Structures are given as structure tokens and as C-alpha cells.
Amino acid sequence: MADTQQVDTEQAGAKGGWADRWDAFEVNRTAGRIEAFAKAHGGAEAQVAHLGERGARIVLVGADGAWGDLVARTHERARKAVEKSGITVHEDFGGEFAAKVTTGRYEWSRMAGIQVGGPSNT
């Protein structure tokens, strides 16, 4: 007689199982972080960019010009988190959206490094 086992679909990660719960958890957690950023900076806008196999990067720009970013494991989770937070999403990081970013001395020195007298990147 053959030895058979029934596979628990929740443990196997099938629809409705732990994988879906983990997706929902990450979306909710990321949306909460986006909302906290928006609250701290008088509102926010975002752009979601692919990071290849590593997931997606959510670039946030506050109404005050402050910026930050978050990383989600998948592009779908990143999109859902941004939508759940209720902020405006841009297709690319350019034009008027990019012009809203305020950079300070630190950012310029780190971006340019020793070319403009900032600290080296080593």
C-alpha cells in the first residue's frame, strides 16, 4: 500500500495561506511607514522603481522637500502599500516631482564626494 500524505495548503503557501498573510503584513507595515513620513513632512508623493530580484524601491518626497525611501520585496507589494497610504504616485522620478526635493550640504558632499571638497566615499 502506498504511503500518502495530505499537504496543508496554509503551510504550503497556497492562496489564503501564510504567504498571503505575509504579503498583507508587509503591505500594511510599509503603508504605515509611508503615512508616518507623510504626516511628519506635511504630506508626501512617491515613485515606485524596480530593483530587479530584490524588489522595489519607494522614493518618498515630502511637501517640505524632505525625501526618503523604503524597499518592498516585490513591486506589487510596493504599489499596494503606496495606494493604501493614499498619497500621489508618479510614474517616474523627474520634472516637477524631482524638483520638489530639497537637498542640503550633506547630500551634495556625499553625491559629489571629493570633486567639490566633500568627504571621500571610501
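The values are calculated or read from the model by the stated rules, or taken from the named source; none is laboratory data. Fair warning: this is a prediction, and the values are worked out from it, not measured in the lab. Positions of Cβ are backbone-derived with ideal geometry, glycine not excepted, and every protein chain shown enters the neighbour counts. Surface areas here come from the heavy atoms of the whole protein model, side chains and all, with no ligands, DNA or RNA. Shrake-Rupley method; radii C 1.70, N 1.55, O 1.52, S 1.80 Å.
Okay, residues lined up against (1) surrounded by fewer than 16 Cβ atoms within 10 Å (Cβ to Cβ); (2) out of contact with any strand residue (DSSP E or B) (no Cβ under 7 Å at 6 or more places or on another chain); (3) in a helix (DSSP H, G or I); (4) modelled with pLDDT of 95 or more:
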| residue | (1), (2), (3), (4) |
| --- | --- |
| 22 | yes, yes, yes, no |
| 29 | yes, yes, yes, yes |
| 70 | no, no, no, no |
| 82 | no, no, yes, yes |
| 92 | yes, no, no, no |
| 102 | yes, yes, no, no |
Handout entry: Single condition residue 86 does not satisfy, out of (1) open to solvent by less than 50 Å² (accessible area, probe 1.4 Å); (2) within 19 Å of residue 24 (Cβ to Cβ); (3) of a type in the set (Gly, Ala, Ser)
Key = (1)
Practice task
For the stretch 73-105, enumerate the residues that are within 11 Å of the chain's Cα centre (by Cα) and of a type in the set (Asp, Glu).
Solution key: 76
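Kindly indicate which of 65, 42 is part of a loop (DSSP other than H, G, I, E, B) and surrounded by 13 or more Cβ atoms within 10 Å (Cβ to Cβ).
Among 65, 42, only 65 is part of a loop (DSSP other than H, G, I, E, B) and surrounded by 13 or more Cβ atoms within 10 Å (Cβ to Cβ).
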Problem - Condition check for residue 98: at pLDDT below 85, open to solvent by less than 90 Å² (accessible area, probe 1.4 Å), part of a helix (DSSP H, G or I) and on the phi < 0 side of the Ramachandran plot - result: yes
